[in-house]
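Only one structure is covered here, and it is reproduced in the block below.
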Amino acid sequence: MLSQSTVVVRRDRLPAPGTPAAPLLRAISLLPPSVAAAAAFPLFMRVGPRRAVNPGEEQTHLAADWSRVPVPGLHGHGGSAVTYRWGSGERPVLLVHGWGGRASQFAPLVRELRYAGLTVVAFDAPAHGESPGRGTFILDFMGAMRELERMHGPFGAVVAHSFGSLATLVAVAEGLGAGRVATVAGMADAGHLVASFATATGLSAPAADALRGRFARRVFPTEPDVYGRFSAVSHPLPAAVPLLVVHDTGDRRVPATEAGRLVAANTGHAQFLQTSGLGHQRILADAGVLARITEFVAG
């Protein structure tokens, strides 16, 4: 059995998420559960390198009206998020990127929504895109959404991708004003984040449970039920808010079973668009998906 001193975890030498063959992760998986959780925790919290603006996104990215909003942060220390606006109409459509993403990823959808006559707003979460910071939490995403709602009023719709979908669903369930919501490759609860990380890194079930507890204690020490609060299954959308769930059967980042959970939790006001061969990222630029989302958002 390896001792706790066998592995020294340095943030600048952590492998990218989803690389279970990395020597560090193999070593971590051999540690006792509580020690493995402590060693894996920095990797679990890592945002990773900032995504660059792709050439096909640049024109739309630069055409936006840029601004900045304060984000209270997890402990009220303060931060900020760069925001974007295309158009000047009321009740704009809000776009919410995922973990490691940025607003410019929505450039194809922005163009479709603008062509349909809709105004669009978006933001880069702290430590993402153009926004400053070295880390971020789901509350930062939610805080940026609330600041944009304060500026623009209730949203006509919110379209979110991946981790941003969970943040959006929780925010709307807690009162964020949105006429309708569309999720793309979204997850159903925060528990999935730990489970998928454990699978990708080879953590044992006891180590994954220890990581769940460590995350709750370290990041949300005053929250009585972290995984209950950040669950779109435990807290579905209000029945008056239509939901469109878009997911690809071959998504390797977030399995399509998460889409089934979201639809089941919102029975009666949820629609499901299933795609194939688009994965987790290409789905954001598919013509059929863009048309369906635009149709849904336009009501």
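The values are calculated or read from the model by the stated rules, or taken from the named source; none is laboratory data. Note that this is a predicted model, so its numbers are computed, not measured. Cβ coordinates were reconstructed from backbone atoms using ideal geometry, including for glycine residues, and neighbour counts include every protein chain displayed. Accessible surface is based on the protein model in full, side chains and every heavy atom, while ligands, DNA and RNA are left aside. Shrake-Rupley method; radii C 1.70, N 1.55, O 1.52, S 1.80 Å.
The table below gives the values:
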quantity: Å² per residue, accessible surface of the chain at 1.4 Å; calculated: 44 Å²
quantity: 0 to 90° range, to nearest 10: angle between helix 33-45 axis and the chain longest Cα axis; calculated: 30 degrees
quantity: Separation between Cα centres of segment 145-207 and segment 69-127, rounded to whole Å; calculated: 14 Å
quantity: Solvent exposure, largest accessible area first (probe 1.4 Å, DNA, RNA and ligands not counted), of Arg51, Arg150; calculated: Arg150, Arg51
quantity: With every protein chain in place, segment 153-275: carbon and sulfur % of accessible area (1.4 Å); calculated: 55 percent
quantity: Cα-centre dipole for segment 58-119 with unit charges at Cβ (Lys and Arg positive, Asp and Glu negative), debye to 20; calculated: 40 debye
quantity: Net charge of Cβ neighbours under 14 Å - reference Gly153; Lys, Arg +1; Asp, Glu -1; calculated: +1
quantity: Cα long-axis angle, helix 190-201 against the chain (0 to 90 degrees, to the nearest 10); calculated: 50 degrees
quantity: Equivalent ellipsoid, the chain (semi-axes from 5 times Cα gyration tensor eigenvalues, Å); calculated: 32, 20, 19
quantity: Gaussian network model of the chain, Cα within-10 Å springs - most flexible of Leu118, Leu169, Leu278; calculated: Leu278
quantity: Between helix 163-173 and the chain: long-axis angle, C-alpha atoms, 0 to 90°, nearest 10; calculated: 70 degrees
